[in-house]
Amino acid sequence: MSDRLCTVVLYSDDPQVRDRMRLAVGTRPAADLRIEFVEASTYAECVRLVDDYEIDLMLLDGEASPGGGIGIARQIKDDFDEAPPTCVVIARAADRWLAAYAEVDATLVHPLDPVTAAATVTELLRTHAPAA
């Protein structure tokens, strides 16, 4: 079985949060998956990346400011016919209802657990894989 290279957008206004998300997921979340990360620190950068690249997953910081990951996820789902799956990192598990309302595909809670983060990203990438 060959490796599948996936492109994942990391969004946060805070470079340290993006680093933590990258480290938690890793570049090899599963034996058959390799990840290339592209970074965005604003809503406009997220949209540009989705427009310009074939994005397999968006990993968004729900606590980012001024545009939170939940709002960005909802806006991209509304604006793009084939929006990539989204995973939002939230600070409070109680915010899952808001993420569900925004049609987010998965949530993770700060601080990130590397095992859970890698498993969640792997599941999303496998579930939403493009048809061969």
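Please find, among Glu45, Glu82, Glu123, Glu39, the residue that is in contact with a helix residue (DSSP H, G or I) (Cβ under 9 Å, 6 or more places away or on another chain) and either among the acidic types (Asp, Glu) or without any contact (Cβ under 8 Å) to a residue 12 or more places away in the chain (or both). Before the answer, list the steps.
On the way: Glu45 fails: in contact with a helix residue (DSSP H, G or I) (Cβ under 9 Å, 6 or more places away or on another chain); Glu82 fails: in contact with a helix residue (DSSP H, G or I) (Cβ under 9 Å, 6 or more places away or on another chain); Glu123 fails: in contact with a helix residue (DSSP H, G or I) (Cβ under 9 Å, 6 or more places away or on another chain).
Only one candidate qualifies: Glu39.
Give the residues of the stretch 84-105 that are surrounded by fewer than 18 Cβ atoms within 10 Å (Cβ to Cβ), at negative phi and outside any helix (DSSP H, G or I), sorted by residue number.
Of everything in the stretch 84-105, those that are surrounded by fewer than 18 Cβ atoms within 10 Å (Cβ to Cβ), at negative phi and outside any helix (DSSP H, G or I) turn out to be Ala91, Arg92.
Residues that are more than 21 Å from Glu45 (Cβ to Cβ), at pLDDT below 95 and of a type in the set (S, T, N, Q): does the stretch 109-128 have at least one?
Yes, because at least one residue in the stretch 109-128 is more than 21 Å from Glu45 (Cβ to Cβ), at pLDDT below 95 and of a type in the set (S, T, N, Q).
Is it true that some residue in the stretch 21-38 is among the hydroxyl-bearing types (Ser, Thr, Tyr), farther than 19 Å from Thr127 by Cα and part of a loop (DSSP other than H, G, I, E, B)?
Looking through the stretch 21-38, none of the residues is among the hydroxyl-bearing types (Ser, Thr, Tyr), farther than 19 Å from Thr127 by Cα and part of a loop (DSSP other than H, G, I, E, B).
Here is a list of conditions, (1) modelled with pLDDT of 95 or more; (2) over 19 Å from Val104 (Cβ atoms); (3) surrounded by fewer than 19 Cβ atoms within 10 Å (Cβ to Cβ), and Asp13 meets all of them except one; can you say which number that is?
Here Asp13 meets the rest and fails (2).
Evaluate the stretch 41-52: report whether one residue or more is surrounded by 23 or more Cβ atoms within 10 Å (Cβ to Cβ) and not hydrophobic (A, V, I, L, M, F, W, C).
no
If you go through the stretch 17-50, how many residues are under 12 Å from Ile72 (Cβ atoms) and not acidic (Asp, Glu)? Write out each step before concluding.
So in the stretch 17-50, the residues under 12 Å from Ile72 (Cβ atoms) come out as 40-47, 49-50.
Keeping just the survivors that are not acidic (Asp, Glu) gives 40-44, 46-47, 49-50.
Residues flagged as under 12 Å from Ile72 (Cβ atoms) and not acidic (Asp, Glu) within the stretch 17-50 amount to 9.
The values are calculated or read from the model by the stated rules, or taken from the named source; none is laboratory data. In this text, all values refer to a predicted model and were calculated from it rather than measured experimentally. Please note: Cβ atoms are built from the backbone with ideal geometry, for glycine as well, and neighbour counts cover all protein chains shown.
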